[in-house]
């Protein structure tokens, strides 16, 4: 039974889910236990502190989530083996609890991990407050700053609740990446008799996953960090996602960009082919301080005309172009392929509520969260529409970088937390965890991590002299804040110079606006073809938003990561899946998690032993 009392079948319509998710449940397993409330907040605070502390340093220090998940199961089982099971009463109340309600179980582990790892992501808006306080020299008091951070962190959860029925309880919304977590938790907690040779998967995972630089043959890498760090784990994605991503990548790198570069469109050959730096007309890095008024840091039109327009590398030009197309393609794809079903569910679910009368809220949700949620649930790709938000605020409030940063953080944080909340609830649905328990774990984890992150940031800004000001820091100081500097530069580019001078109507890259039209029309054409030729099922597998995302997410370190990701994904999700389905169902997601685990421990050990001591590179250079 689901939360509405409707019968549900044992088998999912998605074969990958049937091969991975258990159909049985033990409702007697405790969830929010004493162990949850001890280990969860402590690990959450530690992760939030480490993440925020690292964000101000020149070299980031990371604690991978998978390392925390392993640590939690060790600590949880230790507490289960040592703590007394006697009931303890809360003074002055009728409440009682046991410090040891039984063995450390899988549901408890999932909730603990969710509560703890919310601290590893920090709070988006803290970066904005830092930039406003240090770079723009604005006074920000403690309590309004904290209230702003907490609002942006929790707002997305409210939007997520509207779409639970569509994105969680719909069996066709199956979340490929979530199956990795299901396999991981089951492997740690379920006892299964397996052949001895099955352990070879974990040996392979450790050998490949722990490589830092790896081996390269032409443009292929065996370094799992290169393969999965940017595009995520290729073993987890369905074949259609991998093929569509490959189409976008090839279209971008081997067709459009070379043609534009060698035809010298907008002086493309005067700048690097692949660079994510902004340039002036002399080919040097764009000096944003030359186009700002010194007194109030607003845009200076005269200085801008006397200095230079802003130029982009040819790859970055089309990264923006395909992002424009991605914005409209996501909406058109959602409307044509999923709109009718979602609308019918929406009317059944909310016909008696007042949500239909709130066009502003529903517009925000329908235009962003729901289409992105459907794409994530069906393809595994987490798509960002930050560029659309940057354009929107750039036109609404031109020349106002503070408004730009606040708006971008609000959009990004709301969408991220809504989709993350929904994804976690799908994991809870698969693991048969009560929705109320998951909601409590997510909410408490978010509040704790926000408080810890904000306190860490405020402490660093107040105690470290000249933090985030490299020209005033002693030589070798780690407090250079590269992330904050990048946000500041983007706030000037988009918030001060603005899309009006880069794109429409006065920009040299005006023609990129045609990508909006391309993105709007292309999914409609695919939908029409699928109706004209229903017997050709491969037509429905053409996913224009995924193609656009594959083209707009070009890796900064070149093509090797793409080719390796595509090759590995096709091998496991085409050849192995079709020829060795039993092996795939038993080991594919475990191997994927094992490879990620090897990389995670390598990153953790490198960060703790070398980078924290200032040692980098294979030669130990400092």
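Bear in mind that the values in this text are calculations on the coordinates, not laboratory data. Predicted model only: the values in this text are computed from it and were never measured. Cβ coordinates were reconstructed from backbone atoms using ideal geometry, including for glycine residues, and neighbour counts include every protein chain displayed.
Taking the Cα centre of each part, how many Å lie between the stretch 230-303 and the stretch 122-177? Centre-to-centre (Cα) distance: 27 Å. Remind me, relative contact order of the stretch 403-550 in percent, using alpha carbon pairs under 8 angstrom and six or more residues apart? Computed value for the stretch 403-550: 12 percent relative contact order.
Estimated at 0.36 nm per residue, the fully extended path between residue 293 and residue 230 surpasses their Cα-Cα distance by 18.9 nm. On the beta carbon distance between residue 305 and residue 477, with R0 = 56 Å, the FRET formula returns roughly 0.90.
Taking the fewest neighbouring Cβ atoms within 10 Å as the starting point, the ordered list for 179, 83, 532 is 532, 83, 179. With 0.36 nm allotted per residue and the present C-alpha distance subtracted, the residue 262-residue 582 stretch has 110.3 nm of extension available. Modelled spin-label separation between residue 222 and residue 23, with each label point placed 7 Å from Cα along the Cα-to-Cβ direction: 4.1 nm. If the segment from residue 392 to residue 86 were pulled out straight at 0.36 nm per residue, it would be longer than the present Cα-Cα gap by 104.3 nm.
I'd like to compare 569-579, 464-474, 36-46: which one has the highest average count of other Cβ atoms within 10 Å, and what's the full order after that?
Peptide ranking by packing, descending: 36-46, 569-579, 464-474.
Cα centroids of the stretch 313-332 and the stretch 48-121: how far apart, whole angstrom? With the stretch 313-332 and the stretch 48-121 each reduced to a Cα centre, they are spaced 41 Å. Go ahead and collect, in residue order, the members of the stretch 437-457 whose backbone nitrogen is under 17 Å from a label point 7 Å along the Cα-Cβ direction of residue 143. Those under the cut-off are 455. Taking the Cβ-Cβ separation of residue 273 and residue 567 as r and a Förster radius of 41 Å, what is the calculated FRET efficiency to the nearest 0.05? Taking R0 as 41 Å, the efficiency between residue 273 and residue 567 is 0.95.
Mind giving me the FRET efficiency for residue 529 and residue 343? R0 is 25 Å, r the Cβ-Cβ distance, nearest 0.05 is fine.
It comes out at approximately 0.65.
In nm, to one decimal, how far is the residue 172 label point from the residue 459 one, both placed 7 Å along Cα→Cβ? For the pair residue 172/residue 459, the computed spacing is 5.0 nm. Residues of the stretch 22-66 falling in the label zone of residue 436, defined by backbone nitrogen less than 19 Å from a point 7 Å along Cα to beta-carbon, are 26-37.
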